[in-house]
1. Does LYS34 qualify as being open to solvent by 100 Å² or more (accessible area, probe 1.4 Å) and at pLDDT 95 or above?
2. Name the helices (runs of 4 or more DSSP H) wholly inside the chain in which the number of residues that are among the hydrophobic types (A, V, I, L, M, F, W, C), more than 11 Å from the ligand (Cβ to nearest atom) and out of contact with any helix residue (DSSP H, G or I) (no Cβ under 6 Å at 6 or more places or on another chain) is 2 or more.
3. What are the residues in the stretch 14-30 that are open to solvent by less than 80 Å² (accessible area, probe 1.4 Å) and of a type in the set (A, V, I, L, M), if any?
4. Mind listing just one residue for me: the one in the stretch 71-85 that is among the aliphatic types (A, V, I, L, M) and farther than 18 Å from ALA49 by Cβ and, of those, least open to solvent (accessible area, probe 1.4 Å)?
5. Taking LYS44 as the residue in question, decide whether it is of a type in the set (Lys, Arg) and exposed (fewer than 11 other Cβ atoms within 10 Å of the Cβ).
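The values are calculated or read from the model by the stated rules, or taken from the named source; none is laboratory data. This one's a predicted model, so the numbers in the text were calculated from it and none came from an experiment. Glycine also receives a Cβ, built like all others from the backbone with ideal geometry; neighbour counts cover every protein chain displayed. Calculation scope for accessible area: heavy atoms of the full protein, side chains included, ligands and nucleic acids excluded. Shrake-Rupley method; radii C 1.70, N 1.55, O 1.52, S 1.80 Å.
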Amino acid sequence: MQERQVKEEIARLRREIDSLDSQIISVLNQRAEKVVILKKLKEKIGLPAYDPRREEEILENLKRLNSGPLHSKHLKEIYQKILEIMRALERENC
Ligand SMILES: O=C(O)C(=O)C[C@]1(C(=O)O)C=C[C@@H](O)C=C1
């Protein structure tokens with residue numbers, strides 16, 4: 001592969017990454033919207049916003065859903081952060 005072709009390939013892959021990042025942001029915001037709705041529904045019937053069992057279930061599901069190359073332990077770290085942020089969002093929307 002010529003240097004020019006390598007540079008073109010790098011630029012193409014970066015455009016793909018930008019597009020994936022835009023999808024990740026959109027999906028994270030869609031998830032956050034559901035969490036806000038869920039929180040309001042739980043509030044209506046007196047359930048707490050924080051549900052550690054449900055969070056465990058989500059973290060468990062990751063292993064089954066993960067097809068790599070990400071390691072499950074790293075995916076778990078990402079999800080722990082996502083869940084922490086979702087919890088903060090639920091607190092904000094009191
Ligand atoms: O499933 C719920 O009950 C939610 O509030 C959503 C959610 C999540 O982000 O998936 C957020 C906080 C809870 O601790 C558990 C899960």
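1. Taking the combined requirement at face value, the residue satisfies it.
2. So the answer is 3-44.
3. LEU28
4. Checking each candidate, the answer is LEU75.
5. Here the answer is yes, as LYS44 does meet what is asked.
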